[in-house]
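A.B. asks: Have a look at the structure that comes next, please.
The values are calculated or read from the model by the stated rules, or taken from the named source; none is laboratory data. Since this is a predicted model, take the numbers as computed values, not measurements. Here Cβ is always computed from backbone atoms with ideal geometry, including for glycine, and neighbour counts include all displayed protein chains.
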Amino acid sequence: MSTSLTASEITPYRGRFAPSPTGPLHAGSLVAALASFLDAKRAGGAWVLRIDDIDPPRAVAGSVGQITEALSAHGLHWDGAVRYQSQSSDAYHRALQQLAETGTLFRCRCTRSTLSDQGTCGQRCEQHAISDEEPHSLRVNFDSAQLAGFADRFQGMQPVTPEKTVTDFIVRRRDGLFAYQLAAAVDDAQPHFTHIVRGADLLDSTHRQRWLMQLLGQTSPCYGHIAVIRDIDGNKLSKQNGAPALDLARTADNLRDCLTHLCQPAPPKSARENDEILDFAIAHWTLHP
Ligand code: GLU
């Protein structure tokens, strides 16, 4: 009988679920939470809850409480204290300084009307001197030829092609707030996390975040992107599209629906409690490219 361990069994696995506090959890976010939870628990690893609260204008009061309540109600208990990106500003500042030293950072004065169709700088701002006083964002040049592709655990090989990437992107916004790509790259790199499991709508972001990690000399975690839930019009279920909050009176059914979406075997009907459903799901968790 073979006693060899798989890579995930010997790696000190650290995974996370990282919602933005923009409203209550909906079915789409529960799928991401559940997939990352099952993957971590199957590997005997830690599952951390990180609140991505770096965008105060978009934050909705009370949503952190709603999110933690909904996770707990579904039996998705995180390890350790909740982490908040708003407490990592120093690390993001340091990362910006480090990026400046790599020569890839530039000031951009573009507004919506002067951006390119891809959302990149549309007026060669890099070649102009932009003073501290003039409103500007900070962008990073993205040289896709210098970034290797990666093997997504669930989606297969993800090459970096010019069509899939952009020539530059924002790391600090015009309003002075840190951009999601920067914060995610700083916080997701190893050793913070070894494995990231999240929705496939973020695949393009993953190239940007891996690029930033490379510039910052950090090791990328392993990525696995899962299919997102779409509404009947084909749009990703999201708070912006008005996805309804999860009904906490039917948590076991919510878990079963998510497992169906994730193509996992159905727990036996006799499993009524959330813990029984989750134990079954952990024992049977498998996702292939
Ligand atoms: N806060 C982001 C979101 O909710 C994080 C996504 C991620 O990197 O997992 O979309």
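A.B. asks: Contact list please: Cβ distance under 6 Å, first residue in the stretch 191-208 and without any contact (Cβ under 8 Å) to a residue 40 or more places away in the chain and within 18 Å of ILE229 (Cβ to Cβ), second residue more than 8 Å from the ligand (Cβ to nearest atom) and assigned to a loop (DSSP other than H, G, I, E, B), pairs at least six apart or on different chains.
C.D. replies: Between residues of the stretch 191-208 that are without any contact (Cβ under 8 Å) to a residue 40 or more places away in the chain and within 18 Å of ILE229 (Cβ to Cβ) and residues that are more than 8 Å from the ligand (Cβ to nearest atom) and assigned to a loop (DSSP other than H, G, I, E, B), the close pairs are ASP201/VAL228.
A.B. asks: Oh, and also: Applying the selection to the stretch 51-72, what residues are buried (at least 16 other Cβ atoms within 10 Å of the Cβ) and either assigned to a helix (DSSP H, G or I) or in contact (Cβ under 8 Å) with a residue 60 or more places away in the chain (or both)?
C.D. replies: Going through the stretch 51-72, the residues buried (at least 16 other Cβ atoms within 10 Å of the Cβ) turn out to be 51-55, 59, 63-64, 66-68, 70-71.
Across the stretch 51-72, the qualifying residues are ASP52, ILE54, ASP55, SER63, VAL64, GLN66, ILE67, THR68, ALA70, LEU71.
A.B. asks: When the residues of the stretch 245-254 are narrowed to those that are of a type outside the set (S, T, N, Q) and over 21 Å from the mean Cα position of the chain (by Cα), which ends up surrounded by the fewest Cβ atoms within 10 Å (Cβ to Cβ)?
C.D. replies: ALA249
A.B. asks: Another question, then. Does GLY224 count as within 20 Å of GLN85 (Cα to Cα) and either at pLDDT 95 or above or buried (at least 18 other Cβ atoms within 10 Å of the Cβ) (or both)? Full working, then the answer.
C.D. replies: Details: within 20 Å of GLN85 (Cα to Cα): no; either at pLDDT 95 or above or buried (at least 18 other Cβ atoms within 10 Å of the Cβ) (or both): yes.
No: the conditions fail for GLY224.
A.B. asks: Going residue by residue through the stretch 270-278, is there one that turns out to be crowded, with 17+ Cβ neighbours inside 10 Å and not in a helix (DSSP H, G or I)?
C.D. replies: yes
A.B. asks: Please enumerate the residues belonging to the stretch 150-175 that are surrounded by 14 or more Cβ atoms within 10 Å (Cβ to Cβ) and in a loop (DSSP other than H, G, I, E, B).
C.D. replies: Hits for the stretch 150-175 are ARG153, PHE154, GLN155, VAL160, THR165, VAL166, THR167, ARG173, ARG174.
A.B. asks: Quick check on my filter: what residues within the stretch 147-169 are in contact (Cβ under 8 Å) with a residue 40 or more places away in the chain and closer than 18 Å to THR219 by Cα?
C.D. replies: LEU147, PHE150, ASP152, ARG153, GLN158, VAL160 - these are the residues of the stretch 147-169 that are in contact (Cβ under 8 Å) with a residue 40 or more places away in the chain and closer than 18 Å to THR219 by Cα.
A.B. asks: Taking only the stretch 105-137 into account, find how many residues are in contact with an Asp or Glu (Cβ under 8 Å, 6 or more places away or on another chain) and assigned to a loop (DSSP other than H, G, I, E, B).
C.D. replies: The total comes to 3.
A.B. asks: Here is a further query. Could you look through the stretch 10-30, keep only residues that are among the hydrophobic types (A, V, I, L, M, F, W, C) and either under 13 Å from the mean Cα position of the chain (by Cα) or within 11 Å of the ligand (Cβ to nearest atom) (or both), and pick out the one that is surrounded by the fewest Cβ atoms within 10 Å (Cβ to Cβ)? Step through it out loud before you land on a result.
C.D. replies: Of the residues in the stretch 10-30, the ones among the hydrophobic types (A, V, I, L, M, F, W, C) are 10, 17-18, 25, 27, 30.
Then drop every residue that is not either under 13 Å from the mean Cα position of the chain (by Cα) or within 11 Å of the ligand (Cβ to nearest atom) (or both), which leaves 17-18, 25.
On the way: PHE17: 25, ALA18: 22, LEU25: 27.
Looking at the filtered set, the residue picked out is ALA18.
A.B. asks: I would also like to ask the following. Say we look at the stretch 185-215 and pick out the residues that are within 12 Å of the ligand (Cβ to nearest atom), closer than 22 Å to GLY44 by Cβ and among the β-branched types (Val, Ile, Thr); which of these is surrounded by the fewest Cβ atoms within 10 Å (Cβ to Cβ)?
C.D. replies: ILE196
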